[in-house]
Amino acid sequence: MTCDPLPESGTADCAADEAHFPGEPGCSRIGTACPAGEWPEGLPTTGVLYVRAGGGSGGTGTAASPFGTIAEAVAAAPTGTVIALGKGTFDEVVDLPSGVMLWGACVAETVVASSVPSDTEATVNVTVTDVALRNLRLGGERMGARVEGADASLRLDDVLIASAKVRGMLVNAGAEVVAEGLVIRDTRPQSDGS
């Protein structure tokens, strides 16, 4: 028996928010199509804090008055919170608390990518249990995600880690990651070129 998950023609060339998954005849979108509005579709009716990229300070976390940074939402997020990210680029380092999910509007237009260079640190850091990322893209001038420690667990649904530095994701020291629809591509070398 032979396992041949891709067609004879090989892997298809796909759009930036698509991938050719094994067993599929061609390209498939990673996550959902971008909504007509700013926010992800299908959010729960309660327990949601909203963040607009570059939204400025002074927001309260509602859809009408969103926070301007993920860090503001994290500071206000109890366990069980969904942090809804609108379309745009969020240039920050994110340390997520236990029981919190980042949910993007779509992989094509919701990007979390720190511009602060590091060969050892990540854009998204997880050291606690029950953290989730959904329907977004990670990248920047450091690795996309770091999940570290025996108590650390991360679930990724429809996440693209693209053009991260050194490695797409580091899972270390007994951490646990469960992923569906995760794509890591175009990882770049560290600063010295290695």
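The values are calculated or read from the model by the stated rules, or taken from the named source; none is laboratory data. Small disclaimer: the values here were computed from a predicted structure and weren't measured. All Cβ positions, even for glycine, are placed from backbone atoms using ideal geometry, and neighbour counts span all protein chains on display. Just so you know, the surface numbers come from the protein's heavy atoms only, side chains and all, with ligands and any DNA or RNA stripped out. Shrake-Rupley method; radii C 1.70, N 1.55, O 1.52, S 1.80 Å.
Which percent of the accessible heavy-atom area of the chain goes to carbon and sulfur, probe 1.4 angstrom? Kindly include the intermediate steps, with their values, before the conclusion.
On the way: 4580 of 9210 Å².
Heavy-atom surface of the chain belonging to carbon and sulfur, 1.4 Å probe: 50 percent.
Mind running the shape call on region 56-129? Use the C-alpha gyration tensor, a ≥ b ≥ c as the square roots of the eigenvalues: rounded below 1.5 for a/c, prolate if a/b tops b/c, oblate otherwise.
Values: a/c = 1.60, a/b = 1.19, b/c = 1.35.
Oblate, since a/c reaches 1.5 and b/c is not below a/b.
Which shape class applies to region 25-157: rounded if a/c is under 1.5, otherwise prolate when a/b exceeds b/c and oblate if not, where a ≥ b ≥ c are the square roots of the Cα gyration tensor eigenvalues?
On the way: a/c = 1.29, a/b = 1.11, b/c = 1.17.
Rounded is the answer for region 25-157, as its axis ratio a/c remains below 1.5.
Can you work out the accessible area per residue across region 22-62, with the rest of the protein chains kept in place, probe 1.4 Å, in square angstrom?
On the way: 2340 Å² over 41 residues.
In whole numbers, region 22-62 has 57 Å² accessible per residue.
Could you order peptides 120-126, 39-45 by the average number of other Cβ atoms within 10 Å of their residues, highest first?
Values: 120-126: 22.9, 39-45: 13.9.
Those peptides, ordered most packed to least, come out 120-126, 39-45.
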